Amino acid sequence: MAYDLKMRVWRGDAEGGELTDYTVEVSDGEVVLDALHRLQATQTGDLAIRWNCKAGKCGSCSAEVNGRPRLLCMTRLSDFDQAETITVTPMRTFPVIRDLVTDVSFNYEKAKQLPYAELGPRDADGKRRMMQVDVERGQEFRKCIECYLCQDVCHVVRDHEDNKQHFAGPRFFIRYAELDMHPLDTHDRRKLAQDAAGLGMCNITKCCTEVCPEGIHITDNGIIPMKERVVDRKYDPLVWLGNKIGLR
Ligand code: SF4
Ligand code: F3S
Ligand code: FES
């Protein structure tokens with residue numbers, strides 16, 4: 001059934017902007033991205049929105065709906081009262097380029113700092129083998145679509161711009177955890193996760209887990225076990241001795 005939806009959309013650029021009110025005809029089976037596309041088509045041809053798959057799989061259409069980080073293409077209008085005004089704003093943690101499009105290159109810089117797996121020696125026949133159970137352990141983390149909603153909601157960088165330099169954020173903590181679970185990897189990421197990626201700055205608020213559209217248990221299955229492994233390393237007497245005599 002069609003109805004008139006009231007929307008407030010943030011319009012502006014890096015210099016500043018403001019919320020602008022619109023009314024647009026929608027159907028109750030549509031999503032917020034449909035409403036924005038209709039706005040573009042009928043009233044605001046210059047409205048900037050990043051999107052691609054419209055199926056919740058490319059991670060492009062991240063923004064905030066009524067202040068909550070959401071994928072615009074997966075947020076159904078039927079989740080809201082028809083009389084409600086829906087407010088759409090860009091992700092707050094990243095600099096605005098224009099309207100709802102933000103510059104997420106912070107994340108690409110953090111990705112570059114993360115070393116890939118260093119594989120151990122091959123078996124005698126020249127092959128490498130992994131047990132299926134070990135492969136599956138990191139599978140949950142490989143579902144990440146890099147929407148960066150978890151990065152957007154994390155208060156460590158959302159409220160403290162200065163922390164960005166020292167904090168990789170939840171998306172990359174699960175990448176560290178995934179690589180740390182790689183059955184053939186010889187690289188020890190625990191020190192790197194703690195010192196370079198700022199794992200210790202995470203105080204386990206779990207907001208990242210709450211907004212993940214892939215339902216990844218970022219905190220319980222990624223961050224907390226990684227923190228436990230870092231602590232094990234720190235209190236391992238051999239590691240302590242190695243640090244003292246400069247071997248590690
Ligand atoms: Fe998005 Fe979830 Fe990946 Fe974070 S972990 S970037 S919320 S899919
Ligand atoms: Fe941030 Fe998630 Fe930790 S929201 S504080 S990374 S639990
Ligand atoms: Fe691809 Fe929304 S357009 S996730």
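The values are calculated or read from the model by the stated rules, or taken from the named source; none is laboratory data. Keep in mind that what you see is a predicted model, and the values were worked out from it rather than measured. When we count neighbours, we look across all protein chains shown, and the Cβ atoms used for this are built from the backbone with ideal geometry, even at glycine. SASA here: full protein model, heavy atoms, side chains in, ligands and nucleic acids out. Shrake-Rupley method; radii C 1.70, N 1.55, O 1.52, S 1.80 Å.
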Return only the number of the condition from (1) open to solvent by less than 20 Å² (accessible area, probe 1.4 Å); (2) under 28 Å from LEU179 (Cβ atoms) that GLU64 does not satisfy. (2)
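For the stretch 128-147, what are the residues that are within 16 Å of ligand 1 (Cβ to nearest atom) and either of a type in the set (D, E, K, R) or open to solvent by 40 Å² or more (accessible area, probe 1.4 Å) (or both)? Outline the logic, then answer.
Kept after step one, since they are within 16 Å of ligand 1 (Cβ to nearest atom), are these residues of the stretch 128-147: 138-147.
Selection gives GLN139, GLU140, ARG142, LYS143, GLU146.
Condition check: modelled with pLDDT of 95 or more and within 16 Å of ligand 1 (Cβ to nearest atom). Does ARG98 satisfy that? Walk me through how you get there before you give the answer.
Values: modelled with pLDDT of 95 or more: yes; within 16 Å of ligand 1 (Cβ to nearest atom): no.
No, not satisfied.
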For the stretch 1-23, which positions are hydrophobic (A, V, I, L, M, F, W, C), modelled with pLDDT of 95 or more and open to solvent by 30 Å² or more (accessible area, probe 1.4 Å)? ALA2, TRP10, ALA14, LEU19
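Quick grid of which residues meet (1) of a type outside the set (Val, Ile, Thr); (2) within 17 Å of GLY222 (Cα to Cα); (3) at pLDDT 95 or above:
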| position | (1), (2), (3) |
| --- | --- |
| PHE80 | yes, no, yes |
| THR85 | no, no, yes |
| GLY138 | yes, yes, no |
| GLN151 | yes, yes, yes |
| TYR176 | yes, yes, no |
Being in a loop (DSSP other than H, G, I, E, B) and more than 16 Å from ligand 3 (Cβ to nearest atom) is the filter; apply it to the stretch 148-159 and report the residue that is surrounded by the fewest Cβ atoms within 10 Å (Cβ to Cβ). ASP159
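One line per residue, one yes/no per condition, for (1) away from ligand 2 (no atom under 12 Å from the Cβ); (2) of a type outside the set (S, T, N, Q); (3) surrounded by fewer than 21 Cβ atoms within 10 Å (Cβ to Cβ):
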{"residue": "PRO170", "(1), (2), (3)": "no, yes, no"}
{"residue": "PHE173", "(1), (2), (3)": "no, yes, no"}
{"residue": "ARG189", "(1), (2), (3)": "yes, yes, no"}
{"residue": "ASP195", "(1), (2), (3)": "yes, yes, yes"}
{"residue": "LEU199", "(1), (2), (3)": "no, yes, no"}
{"residue": "CYS207", "(1), (2), (3)": "no, yes, yes"}
{"residue": "MET226", "(1), (2), (3)": "no, yes, no"}
Let me confirm something: among TYR108, TYR116, which residue is among the aromatic types (Phe, Trp, Tyr), loosely packed, with under 15 Cβ neighbours inside 10 Å and either without any contact (Cβ under 8 Å) to a residue 24 or more places away in the chain or farther than 30 Å from ASP188 by Cα (or both)? TYR108
Restricting attention to the stretch 38-57, does a residue exist that is open to solvent by 40 Å² or more (accessible area, probe 1.4 Å), in contact (Cβ under 8 Å) with a residue 40 or more places away in the chain, within 16 Å of ligand 1 (Cβ to nearest atom) and assigned to a strand (DSSP E or B)? no
How many of the residues in the stretch 150-206 are in contact with a strand residue (DSSP E or B) (Cβ under 9 Å, 6 or more places away or on another chain) and over 26 Å from ASN66 (Cα atoms)? 5
Quick one: in the stretch 67-82, which of the residues that are away from ligand 3 (no atom under 14 Å from the Cβ), not in a loop (DSSP other than H, G, I, E, B) and not polar (S, T, N, Q) is least open to solvent (accessible area, probe 1.4 Å)? LEU77
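Listed residues VAL88, VAL96, VAL26, VAL32; which is over 29 Å from CYS154 (Cβ atoms), touching a strand residue (DSSP E or B) at 6+ places or on another chain (Cβ under 7 Å), surrounded by 19 or more Cβ atoms within 10 Å (Cβ to Cβ) and not polar (S, T, N, Q)?
From the options VAL88, VAL96, VAL26, VAL32, the qualifying one is VAL26.
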